[in-house]
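Engineer: Before we start, here is the structure in question, set down as structure tokens.
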Amino acid sequence: MNEITAIAIDLAKHVFQVVGENARGEVMLTERLKSRQAMHKFIQALEPPLTVAIETGPGAQAWAREIQARGVEVKILPAQHTAAHRSGNKNDANDALSILRALHDVSVHPVPVKTQEQLAMQALHRAQHGWRRRMTAISNQVRGLLLEQGVVIARGDLALVRKVERTLEDATLPIPDRLRALVAYLMGEWRGLGERMAAIDGELAVLSRTDPVARHLCQTRGIDSIISTVMACKSLNPDRFANGHQFAAYFGITPSQHSSGNTIRLGRMSRRGDTYLRSAMIEGAHAVIRQIRRDATDPYSRRIQRWVQRCGQKGAAVRLANHNLRVVWLLLKHPDMPFCSDPAHRGTEARDAAMH
């Protein structure tokens with residue numbers, strides 16, 4: 001173990017494949033740990049200087065924190081990038097070797113190791129996102145079931161609730177009793193999910209005021225409690241990005257590129273990265289655009305008005321979301337910097353950094 005400088009571990013629930021190499025890149029260790037107890041014992045024997053690489057997946061954050069507690073550097077590598085380094089058939093041994101190869105690939109950026117509090121904050125967002133999708137599915141299902149009975153429901157949650165209530169109360173409609181009972185049950189589940197989501201919104205609002213990172217980010221127009229707490233639980237290192245443009249590209253709010261030689265071709269938004277955060281950023285941008293008055297004369301409003309005239313409301317929302325992500329990068333990089341969304345009322349240095 002004294003000669004080993006890097007170790008890669010292929011994680012599973014009860015079986016773990018370990019491979020280690022020395023400074024010359026020669027494989028010095030190949031071991032299969034057949035229980036979680038054996039894995040804990042193996043980690044207790046680790047000593048710095050040493051780098052341990054694992055790939056993203058269930059349990060990776062817990063193992064990373066345990067390895068870090070030994071004073072050993074740990075890197076969590078994205079699974080989609082480690083898979084690109086695998087050669088031969090897929091098995092635990094080849095998976096561990098692919099993680100070891102990906103560790104030396106400078107283009108593969110590790111995922112931050114998160115605290116338990118950050119993971120708990122992330123769990124709130126995951127649960128809320130799942131409930132929102134379930135609410136949409138229930139709404140569509142109820143509309144489809146009643147449409148087959150000749151009952152048409154207009155768009156919107158309020159129209160759904162009112163129409164379903166009137167339909168269930170109207171005994172003259174030729175709707176089978178078993179379908180009435182089913183629709184009533186589905187609407188009860190729908191309302192329950194809405195109440196749970198409202199409770200989560202309240203928790204996130206509190207966290208956005210108490211968490212220092214989230215509170216700092218909420219200074220920006222278009223950044224609400226959802227976006228600020230997502231950024232806080234991501235634990236991103238702003239120094240990893242050379243500028244705000246790279247930060248926005250990380251979340252997919254930049255044009256896709258297909259260039260060759262001197263020919264530069266830019267396409268639509270790449271849509272890479274975190275879909276949940278990107279959607280929240282664009283929703284926040286739409287909210288800001290709706291609040292801009294037509295007769296507004298301040299520079300911030302006039303810039304957005306020009307974007308709307310040139311790109312339409314949706315295109316302007318994407319541009320504003322891109323701009324806000326650059327501002328987020330600036331605030332993460334300079335946590336003590338006071339910030340105002342209106343460029344006319346903040347310092348030249350901050351304005352130039354946010355726009356470039």
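Engineer: With 24 Å as the limit, write out which pairs from Lys234/Lys333; Lys75/Lys333; Lys90/Lys234; Lys41/Lys75; Lys114/Lys314 have Cα-Cα distances beyond it, or answer none.
Structural biologist: In this structure, Lys90/Lys234; Lys114/Lys314 lie more than 24 Å apart at Cα.
Engineer: So, one more: Tell me which DSSP H helices of the chain clear both cut-offs, 20 Å or more of axial length from alpha-carbon atoms and a mean Kyte-Doolittle hydropathy of at least -1.0.
Structural biologist: The qualifying helices are 116-147, 177-210, 275-291, 299-333.
Engineer: Continuing with this model, one more query. Within the chain, which is the longest segment containing none of the GluC sites (Glu not before Pro) that sit in a DSSP loop and have at most 11 other Cβ atoms within 10 Å?
Structural biologist: Counting at most 11 other Cβ atoms within 10 Å as exposed, the longest clean stretch of the chain is 149-356.
Engineer: Report for the chain the percent antiparallel among DSSP-assigned beta bridges with both residues inside it, nearest 5.
Structural biologist: Just about 65 percent of them are antiparallel.
Engineer: Grab the beta carbon distance between Leu145 and Ala23, set R0 = 51 Å, and tell me the FRET efficiency rounded to 0.05.
Structural biologist: Efficiency, rounded to the nearest 0.05: 0.20.
Engineer: Can you compute the equivalent ellipsoid semi-axes for the chain, i.e. the square root of 5 times each eigenvalue of the Cα gyration tensor, sorted largest first and rounded to whole Å?
Structural biologist: Computed over the chain, the values are 43, 32, 20 Å.
Engineer: Each residue of the stretch 70-80 in turn: what ³J(HN,Hα) in whole Hz from Karplus with 6.51, -1.76, 1.60 and θ = phi - 60°, glycine and Pro shown as x?
Structural biologist: Karplus-based 3J(HN,Hα) across the stretch 70-80 equals 7, x, 9, 6, 10, 10, 9, 9, x, 4, 5 Hz.
Engineer: Give the residues of the stretch 116-160 whose amide nitrogen is closer than 14 Å to a point set 7 Å from the Cα of Ala199 in the direction of its Cβ.
Structural biologist: 124, 127-128, 131
Engineer: Moving on. What number, in percent, do you get for the relative contact order of the chain if the mean sequence gap of Cα pairs under 8 Å and at least 6 apart is divided by its residue count?
Structural biologist: Relative contact order, the chain: 11 percent.
Engineer: Above 24 Å lies some portion of the pair distances; for the stretch 116-210, what is it as a whole percent of all C-alpha pairs?
Structural biologist: 35
Engineer: Related question: Glu73's amide H: which non-local residues (gap 5+, or another chain) put their own amide H closer than 5 Å, with H modeled 1.01 Å from N in plane and none for Pro or chain starts?
Structural biologist: For Glu73, the qualifying residues are Leu50, Val52.
Engineer: Let me ask something else. Once you have the Kirkwood Rh of the stretch 224-325 from its Cα pairs, apply Stokes-Einstein at 20 °C and 1.002 mPa s and quote D in µm²/s.
Structural biologist: 144
Engineer: Can you show me the helix-derived [θ] at 222 nm for the chain, built from DSSP H runs with n ≥ 4 at -39,500 (n - 2.57) apiece and divided by the number of residues, rounded to the nearest 500.
Structural biologist: Mean residue ellipticity, 222 nm, calculated: -18000 deg cm²/dmol.
Engineer: Also: Quick one: net charge of Ala137's neighbours, Cβ under 12 Å, K/R +1, D/E -1?
Structural biologist: +3
Engineer: Let me ask something else about it. Amide H neighbours of Leu29 under 5 Å, counting only residues 5+ apart in sequence or on other chains, H built in-plane at 1.01 Å?
Structural biologist: Gly20
Engineer: Have a look at Leu29, Val206, Thr254 and report the one farthest towards the positive end of the charge dipole of the chain, computed about the Cα centre with Cβ charges (Lys/Arg +1, Asp/Glu -1).
Structural biologist: Thr254
Engineer: Which of Val19, Val288, Val113 has the fewest other C-beta atoms within 10 Å, and how do the rest follow up to the most?
Structural biologist: Val113, Val288, Val19
Engineer: Another question about this same structure. Only bridges with both residues in the stretch 1-111 count here: give the DSSP antiparallel percent, nearest 5.
Structural biologist: 60
Engineer: Follow-up. Looking at the P(r) of the stretch 164-261, how many percent of alpha-carbon pairs lie beyond 15 Å?
Structural biologist: Result for the distance tail: 75 percent.
Engineer: I need two numbers for the stretch 4-103: Rg to one decimal and Dmax as a whole number, Cα atoms only, in Å.
Structural biologist: For the stretch 4-103, the Cα radius of gyration and maximum Cα-Cα distance read 12.2, 34 Å.
All of the numbers you see were taken from the coordinates with simple rules; none came from a lab. The shown structure was predicted, so the numbers you read here are calculated from the model rather than taken from an experiment. Positions of Cβ are backbone-derived with ideal geometry, glycine not excepted, and every protein chain shown enters the neighbour counts.
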